[in-house]
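Structure first, commentary second.
Bear in mind that the values in this text are calculations on the coordinates, not laboratory data. As the structure is a computational prediction, the values presented were derived from the model and not from experiment. No Cβ is skipped: glycine too gets one built from the backbone with ideal geometry, and neighbour counts run over all protein chains shown.
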Amino acid sequence: MAGPDRRWFLPDLDAAVLWCDERNRQGISCSISPLGEYVQDRDAAREAASECRAAVRAVEAHALDASVAVKLSALGAVFDRDGCMAHLGRIMDEAKRRGVRVEIDMEGRNLVDFTLAAAGRMAGEGHRVTLAVQAYLQRAAADLGAMEEAGIRPRLVKGAYLGDTRNFELIQQQFRALAASLLSSRTPFSVGTHDPDLVEWLTAHAESRDLVEFGFLMGLADQTKTAMAADGWKVSEYVPYGRRGSIYEARRLQYLDRLRDLGRSPLP
């Protein structure tokens, strides 16, 4: 696997395929994601869309237990929403033909409505879609309801951008409330968290290990991933790759700094 200089992301798709294959052998699925976000021109959006389609083809070609994660800002959502939808539609069409799952990442507040609408449109066209919902937004419960109605699989996360609150305990409470709602409805869902309290709460309250998939980032919680997979839980790892990793890496380092300020640590 990658050395310490590649803790957070891998250099290219070939490396991501090899990494994912190894994780699959450990009983861990992957969500591979070409790096890049908030592009500012159509050429960059076309390149990002091409990278996503290449990832879809690689998942099928190597028979990986993996999905492909897509950021709509990488497809031009900030300046050309029609073009972004066209790129997303082509990615989803290719994924459907090849039997590959697609996850749409939720980004900044200014893109939440558009992202929810885009995922709903794709689901309405018969595509399998997973969409992140951010617990630090007050609108999250309503968004979950809209996603359930549209047939979108939720991936519950705390949120990595600017939300309605930065109060750690409040975000934990909102996360648990949203997770409890999903558990009570018996809606299959994913979570993305490295919070020991939340993972402990979820494993205690999930009546079935088939109901919840625990998602972790590459570079964090490696012991936890393998132990939970060995114990029969569904586990996935987010595996970004590419040349444009500086913004992504900065968010990961800010996350660790924030935890240190709170006197907390992520799962080992």
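A few comments on the model shown:
- Database note for the chain: Cys without another Cys beta carbon under 4.7 angstrom, Cys52, Cys84.
- Calculated P(r) tail over 22 Å for the range 1-82, as whole % of Cα pairs: 30 percent
- Once both labels are positioned 7 Å from their Cα atoms along Cα-to-Cβ, the gap between Ser185 and Asp21 label points is 3.9 nm.
- Max mean-square fluctuation residue, GNM over the chain, Cα-Cα springs under 10 Å, options Ala250, Ala177, Ala135: Ala250
- Loop-located GluC sites (Glu not before Pro) across the range 181-268 with a Cβ neighbour count of 14 or fewer within 10 Å are Glu207, with loop assigned by DSSP.
- Choice from Val129, Val39, Val56 showing the highest fluctuation, given a GNM over the chain with Cα pairs closer than 10 Å: Val39
- For the range 83-181, the set of GluC sites (Glu not before Pro) satisfying both a DSSP loop assignment and a count of at most 16 other C-beta atoms within 10 Å is given as Glu125.
- Using just its DSSP H runs of length 4 or more, each adding -39500 (n - 2.57), the chain gives a mean residue ellipticity at 222 nm of -15500 deg cm²/dmol after division by all residues.
- Sites listed here are trypsin sites (Lys or Arg not before Pro) in the range 1-103 whose DSSP assignment is loop and whose Cβ has at most 16 other Cβ atoms within 10 Å: Arg7.
- Contact order normalised by residue count of the range 1-151, Cα under 8 Å, 6+ apart, percent: 19 percent
- The structure-derived value of volume of the Cα convex hull per residue in Å³ appears in the list (i) 179; (ii) 145; (iii) 118 under the label (iii).
- Max mean-square fluctuation residue, GNM over the chain, Cα-Cα springs under 10 Å, options Gly192, Gly27, Gly108: Gly108
- Computed lengthening from Glu149 to His62, 0.36 nm per intervening residue step minus Cα-Cα distance: 28.0 nm
- Span from the the range 200-226 Cα centroid across to the the range 68-146 one, whole angstrom: 24 Å
- This model, with +1 at the C-beta of Lys and Arg and -1 at the C-beta of Asp and Glu, gives the chain a dipole about its Cα centre of some 80 debye.
- In the chain, lysine pairs closer than 19 Å at Cα, eight or more apart or cross-chain: 4
- Under 5 Å, built H, 5+ apart or other chain: amide partners of Ser33: Ala69, Val239, Tyr241
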